[in-house]
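Structure first, commentary second.
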Amino acid sequence: MFERIIRFAIEQRWLVILAVLGMAALGGFSYQKLPIDAVPDITNVQVQINTQAPGYSPLEAEQRVTYPIETVMAGLPGLEETRSLSRYGLSQITVIFKDGTDIYFARQLVNERIQGAKERLPQGIAPEMGPISTGLGEIYMWTVETKEGAKKADGTPYTPTDLREIQDWIIKPQLRNVAGVTEINAIGGHAKQYQVAPWPDKLIAHGLTMADVVQALERNNTNVGAGYIERRGEQYLIRAPGQVRGVADIGNIVVKQADSVPIRIRDVADVGLGEELRTGAATDNGREVVLGTVFMLIGENSRTVSLAVDKRMAEINKTLPSGVHAVTVYNRTDLVDKAIATVKKNLFEGAVLVIAILFLFLGNLRAALITALVIPLSMLFTFSGMVSQKVSANLMSLGALDFGIIVDGAVVIVENCVRRLAHAQAHHGRTLTLKERFHEVFLAAQEARRPLLFGQLIIMIVYLPIFALSGVEGRMFHPMAFTVVMALLGAMILSVTFIPAAVALFIGDKVAEKENALMQGAKRLYAPLLAKALAAKPVVLTLAVVMIALSGVVASRMGSEFVPSLNEGDFAIQALRIPGTSLSQSVAMQQQLEATLKAKFPEIDRVFARTGTAEIASDPMPPNISDGYIMLKPLSEWPEPRKS
C-alpha cells in the first residue's frame with residue numbers, strides 16, 4: 001500500500017504539493033482559532049450550588065440547607081461524587097460528574113433536582129448554581145479606586161459604598177456583555193441598603209407589631225397598572241406609581257390610621273441609609289478597595305477573552321465619574337504571553353538548530369531545506385488536530401514537541417534519495433533523465449519506508465499508555481500525548497507523500513554525494529575509537545553496565561515536578577489568622593501586612609488580597625483567611641536585578 005502511495009506522490013507531485021499547501025492553509029486558519037493558555041485546565045466536570053442563608057449558623061446551614069439539597073442529587077446520571085461545605089450564612093455543594101459529561105447537560109440535571117428540593121428548604125432560601133467556569137476561569141481582576149482629592153458632585157468624598165455602587169451598576173453590566181465572559185464577581189466596599197429600625201416602645205404605644213411594619217413596606221412599594229381609557233380617539237394608559245424613591249418616601253408610608261390620623265413609618269422607626277452585613281473585603285497596597293473579577297466561560301480562549309475585557313475596561317474608564325477609575329491588577333494575558341513566549345523561543349531555537357545540523361551533515365542546501373519544511377508543515381497539521389479535539393496550546397502540550405524526532409523520517413528518506421541519485425548519476429556518467437530521477441527517488445523512498453514507519457510508530461506507541469490515564473493525571477498529560485502523536489502522524493504522512501514529491505521536483509539535476517569537512521573530521525575521531533572498543537568488548541560492556549547502574553542511582557535521587565516550572569514574575573501568599581477573628585480585624589491586619597511588604601521590598605509593584613467570601617462564593621473562605629497576590633515590577637526596575 002505504501003509503495004502505491006509513494007508512486008502516486010511522485011507521479012502526481014504537483015497535486016501533492018497543492019494538497020500540502022491546502023493543509024498548511026487549514027493549519028494557519030486553525031492556529032487563529034487555537035485556544036491558548038499557560039497550563040492545561042485540570043478542573044473536572046462539576047456544578048456548584050451556592051445558597052445564601054443569612055443568620056444561619058454552620059450547623060443550621062448543614063441541617064436545613066446543605067443536607068436536603070445534597071441528598072436529592074443522589075442517583076444523577078454520570079454522577080461521580082458530591083461534596084459540601086457549610087459556613088455561617090452559606091451552604092455550598094459541589095456536584096462532580098464523570099469526565100466527558102456535557103457541562104450544560106449536567107447543569108440541567110442539577111437544576112431539575114434543585115427545583116424538587118425547594119419544597120424542603122426554609123422559606124426565603126433560594127439555591128443558585130455557580131458560574132459556568134473552571135478553576136482557571138478567573139482571568140482578569142481590577143480595583144475601583146479614586147484619585148487623590150476626588151469628590152462627588154455634592155462636594156463630599158467618595159465612600160466605599162459609592163465605589164461598590166459604581167462597580168455594581170456601571171462596570172459589571174458592561175463587562176458581562178463581553179463575549180466569553182460568564183460572570184462578574186465583586187468583593188469589598190459596602191452594598192447600600194435602605195434600613196428601617198423600629199422603636200419597640202413606639203410600636204407598643206400605637207398597638208403595632210413588626211409584622212405590621214413589614215406588610216406596610218411590602219404593600220406600598222410597587223407600581224400598579226389599571227389598563228387604559230380612550231378619549232377623543234386617543235388612548236391613555238392608567239397607572240398608579242407607588243414605588244418608593246428614597247428615604248423620605250419610605251418614611252411617609254402609612255402603617256395604620258388611628259382616629260383618622262395616619263401613623264407613618266417615620267413615626268415608629270428610624271429610616272436611613274445603611275450597609276449590608278458583608279462576608280468579605282478587599283485590600284490593595286494597604287488600603288481597602290473594591291475588587292472585581294471576571295469569570296471566563298468554560299472552553300473559551302483565555303487570552304482572547306482577557307484582551308477583549310481589557311479593551312472594554314479602557315472604554316468603561318472613560319464613562320466613570322470624574323476622579324474614579326478602574327485599575328487592572330491581574331490580566332491572564334500577561335501569564336499566557338510569558339508561557340507562549342517561552343514555548344516559541346524553545347521551538348524556534350530547536351528548529352534553527354535542527355536545520356543547521358541538517359545542512360552540516362547532509363551537505364546539500366536543497367535537501368536540508370526540503371527536510372526542514374517538515375517542521376512547520378507538521379506543526380500546522382498538529383494545530384488542525386488540536387482545534388478539532390479542543391486541545392489548548394500551552395506549556396505542556398507544545399513544550400513536549402521534539403523536532404529531532406519529527407524530522408527523523410524525512411532525514412532518512414532525503415539522505416537515501418540524495419545517495420541513490422548521486423550513485424545513479426555517477427554510474428551513467430551523465431545527468432539523469434526525468435523518468436530515471438523519479439525512478440531513483442521511488443526506489444530510495446521504498447527502501448527507507450519500512451524503518452521510517454516502524455521507528456515513528458514505535459515512538460507513538462510509547463505515548464499510548466498516557467491516554468489510559470484518568471482523573472487529574474489524564475487531564476494534565478492527555479494534551480501533551482495528543483500533540484506529540486499528532487505531530488508524529490503528520491510527519492509520517494509528509495515523509496511518504498510530500499518528501500518524495502518535493503525531492504523529485506526540487507532536488508536539482510546535478511546531485512553529488514560528498515563528505516564535508518565536519519563528517520571527515522568526525523570519522524577520523526570515531527574510527528579509531530570504534531576499533532579500540534571492538535577490541536576490548538568485555539571492558540566496554542562492563543563500563544556500560546556500571547554507567548547504567550550509576551545512572552539508576554542518580555535518577556532515584558532526582559527531584560520531580562508535576563508540571564514544568566513557569567516563572568510568572570508574581571506569586572501568591574495566604575494569611576491565616578486565629579479562627580474566630582472578625583472581618584474588620586482581619587482587614588486591619590492585612591492592611592498592615594501589605595504596607596510592611598511594600599515598604600520593605602522595593603521590587604514589589606502591588607499587593608492586593610481578598611479576605612473572606614466574595615459576592616459569588618466560588619471560593620468561600622472564613623473571615624480569618626486572606627488570599628493575597630504579590631505583583632512584582634519588571635526585573636529591569638529592581639534595585640538589585642540579580643536578586644531572586
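Dipole orientation for the chain: of the candidates G149, N624, F97, F97 has the Cα lying most toward the positive pole (charges on Cβ; Lys, Arg +1; Asp, Glu -1).
Of the listed residues D627, D212, the order by accessible area with a 1.4 Å probe, largest first, is D212, D627.
Relative to the longest principal axis of the Cα atoms of the chain, the long axis of helix 471-496 makes an angle of roughly 40 degrees.
In a DSSP loop and with at most 11 other Cβ atoms within 10 Å, there are no GluC sites (Glu not before Pro) in the range 282-347.
Checking the cross-link pairs K345/K390; K172/K311; K152/K192; K118/K172; K600/K633; K192/K318 against a 18 Å limit on the alpha carbon distance flags K345/K390; K118/K172; K192/K318 as lying beyond it.
The charge dipole of the chain, taken about its Cα centre with unit charges on the Cβ of Lys, Arg, Asp and Glu (plus for the first two, minus for the last two), comes to roughly 2060 debye.
Using only the alpha-carbon atoms, how far is helix 302-317 inclined from the longest principal axis of the chain? Give it as 0 to 90 degrees, nearest 10. For helix 302-317, the angle is close to 40 degrees.
Note that the range 328-478 presents 48 Å² accessible area per residue, ligands and nucleic acids not counted, probe 1.4 Å. The alpha carbon gyration tensor of the range 105-208 gives principal lengths a ≥ b ≥ c with a/c of 1.5 or higher and a/b no greater than b/c, which makes the shape oblate. Applying the Karplus relation 6.51 cos²θ - 1.76 cosθ + 1.60 with θ = phi - 60° to the range 176-188 yields 3J(HN,Hα) values of 5, 8, 6, 4, x, 9, 9, 6, 10, 9, 9, 8, x Hz, where x marks Gly and Pro.
Taken over the Cα atoms of the range 318-385, the convex hull encloses 149 Å³ per residue. Each Lys and Arg Cβ is given +1 and each Asp and Glu Cβ -1; about its Cα centre, the range 248-295 then shows a dipole of about 80 debye. For the range 320-333, putting each phi into the Karplus relation 6.51 cos²θ - 1.76 cosθ + 1.60 with θ = phi - 60° gives couplings of 6, x, 4, x, 10, 8, 9, 10, 6, 10, 8, 9, 4, 4 Hz, in residue order, rounded to whole numbers and with x for Gly and Pro. Taking the three principal axes of the alpha carbon atoms in the range 151-289, the coordinate ranges are 60, 56, 33 Å, sorted in descending order. Based on the reciprocal of the average 1/r between different C-alpha atoms, the Kirkwood radius for the chain equals 31.2 Å.
For the range 523-620, trypsin sites (Lys or Arg not before Pro) are listed when DSSP marks them as loop and at most 16 other Cβ atoms sit within 10 Å of their Cβ; the list is R557. Applying a DSSP loop filter and a limit of 12 other Cβ atoms within 10 Å to the trypsin sites (Lys or Arg not before Pro) in the range 256-336 leaves K318. Counting only alpha carbon atoms, the long axis of helix 583-600 and the longest principal axis of the chain meet at about 40°. Express the carbon and sulfur contribution to the solvent-accessible surface of the chain as a percent, rounded to the nearest whole number, probe 1.4 angstrom. On the chain, the fraction of accessible area on carbon and sulfur atoms equals 59 percent.
Toward the positive end of the charge dipole of the chain, about the Cα centre and with charges on Cβ (Lys, Arg +1; Asp, Glu -1), which of F381, V268, T161 goes farthest? It is F381.
The values are calculated or read from the model by the stated rules, or taken from the named source; none is laboratory data. Please read all numbers here as calculations on a predicted model, not as lab measurements. Heads up, the Cβs are rebuilt from the backbone with ideal geometry, glycines too, and the neighbour counts pull from every protein chain shown. Note: accessible area is taken over every heavy atom of the protein model, side chains too, but ligands, DNA and RNA are not part of it. Shrake-Rupley method; radii C 1.70, N 1.55, O 1.52, S 1.80 Å.
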